[in-house]
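A.B. asks: Next up is a structure, given as structure tokens.
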Amino acid sequence: MALGGEEMKRTCWCLGIVLVLGCSGGGRASVDAGTGGTSSGGAVGSAGTGAGGTGTGGGAGTGPAVTGIVLADGEDFPSTIAVDATNVYWTTNTEIRTVSKSGGAVTTVYGSENGPFEVNVDDTNLYWFHVRSVTGERDVVSAPKSGAGPITVVAMGAVEAGGLVSDADSLYWAIPDGVNGILERVPKAGGVAPTPLAEDIYLGVLALDDQYVYWGASTPPRVRRILKTGGTVQDIATGEVNGIGPPLVDATDVYFGSEWNETPPDHVAKMPKDGGPVTTLATGLDPITQLALGQDAVYAVVDFGPGRTGYIAKIPKSGGGATKLVTDAVYPQQMVVDDQYLYWGEPGAGGPHDGRIRKFPR
């Protein structure tokens, strides 16, 4: 069962959350971005190659179009993406592909008629869901990122399993259980049955720090977490916001996109991981479809649907509003961040081989 455009549309919000720190990148392009709002929770400022405008009153601002650097073009519906110290990896309808962060030849690492899904990478291996042709179940598999194989089944999956994330030792994901899911963990080496950690979690929405697994819930709206070793589920943010999106975490805080009282426009907020007040970082972002977290900022895709142009905004962790970085983004899929660049995939608007992989200085 290949992953087509419609399935990507249904899963983009679940797939759009990632935290990648400490990777190396290429040289930095010269672009001066416009300023955002002047107070915490300010509006969106404009982008430009000179001094940008200042967003006021919830408006998005205006400015010259700013485009990302194209690393790969003519791709077949690129969706999930990952980076290591030197390369970018992504999934298409039938392949895992890669290119150097500095650009160059695009190569296929692994192919599958049924489609890979949700790629992760570490120092030696790639990890992804392999879709079985007959049942549609997604097995968690691993293989050397060199492309030399073999492909090893780490854990047997389930239909609509999602949210694959990894740390140094283990893989985590959710499998369906009624309307929600069960959080599972398995060692990267496999060889044992997955360990259930928590029930009643939202499918495909996970984040990690050194101790906990995090996810967002909508009924009631809250951010939740559990120790990687299991235990009691803890609620962090509850009752303060509505429509909490998938969370992102750093050493001290949890970040999320949300709406106030079910009323747009969306905003990005943060709060201490161990509990505390919610701080709004930027407003006037409607609708937010993707988030990524860097060392000093949150990055948001504000998008208006397939085939329509949105923009990618930068929101400092300290607040002060959002600044437009890229203003010609066409339905971006999952974003990742290293120490110099933001990377994302776009499935394209004109056909099955109209997708591309782009990057932009963060």
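A.B. asks: Measure out, as a whole number of angstrom, how far apart the alpha-carbon centroids of region 158-206 and region 281-341 sit.
C.D. replies: Cα centroid to Cα centroid, the span is 27 Å.
A.B. asks: Do any of LYS145/LYS273; LYS101/LYS314; LYS228/LYS273; LYS145/LYS359 go past 27 Å between their Cα atoms, and which?
C.D. replies: LYS145/LYS273
A.B. asks: Taking the simple approach of a point 7 Å from Cα along Cα-to-Cβ for both ALA193 and SER133, what is their distance in nm?
C.D. replies: For ALA193 paired with SER133, the spin-label model returns 3.0 nm.
A.B. asks: State, to one decimal in nm, how far the label point of SER218 lies from the label point of ASP169, with both points 7 Å from Cα in the Cβ direction.
C.D. replies: In this crude spin-label approximation the distance works out to 3.5 nm.
A.B. asks: What's the ranking of 321-332, 77-88 by average number of surrounding C-beta atoms within 10 Å, highest first?
C.D. replies: Answer by packing, highest mean first, reads 321-332, 77-88.
A.B. asks: Moving on. For every other residue with a beta carbon closer than 10 angstrom to the beta carbon of GLY216, add +1 if it is Lys or Arg and -1 if Asp or Glu, then tell me the sum.
C.D. replies: Working: positive: ARG222, ARG224; negative: none.
Once positives and negatives cancel, what remains is +2.
A.B. asks: Something else: Could you line up MET335, MET156, MET271 from fewest to most neighbouring Cβ atoms inside 10 Å?
C.D. replies: Taking fewest neighbouring Cβ atoms as first place, the list is MET156, MET271, MET335.
A.B. asks: Grab the beta carbon distance between GLU113 and SER146, set R0 = 22 Å, and tell me the FRET efficiency rounded to 0.05.
C.D. replies: 0.50
A.B. asks: ASN180 to VAL70: extension gain in nm, 0.36 nm per residue of separation minus the Cα-Cα distance? Let's see the in-between values first.
C.D. replies: On the way: separation 110, 0.36 × 110 = 39.60 nm, distance 3.73 nm.
35.9 nm is the gain from fully extending ASN180 to VAL70.
A.B. asks: Please compute the net charge surrounding LEU171, taking Lys and Arg as +1 and Asp and Glu as -1 over other residues with Cβ under 13 Å from its Cβ.
C.D. replies: In short, -2.
Values quoted throughout were computed directly from the atomic coordinates according to the rules given, and no laboratory measurement underlies them. Quick caveat, the model's predicted, so the values are computed rather than measured. Positions of Cβ are generated from backbone atoms using ideal geometry, with glycine treated the same way; all protein chains shown enter the neighbour counts.
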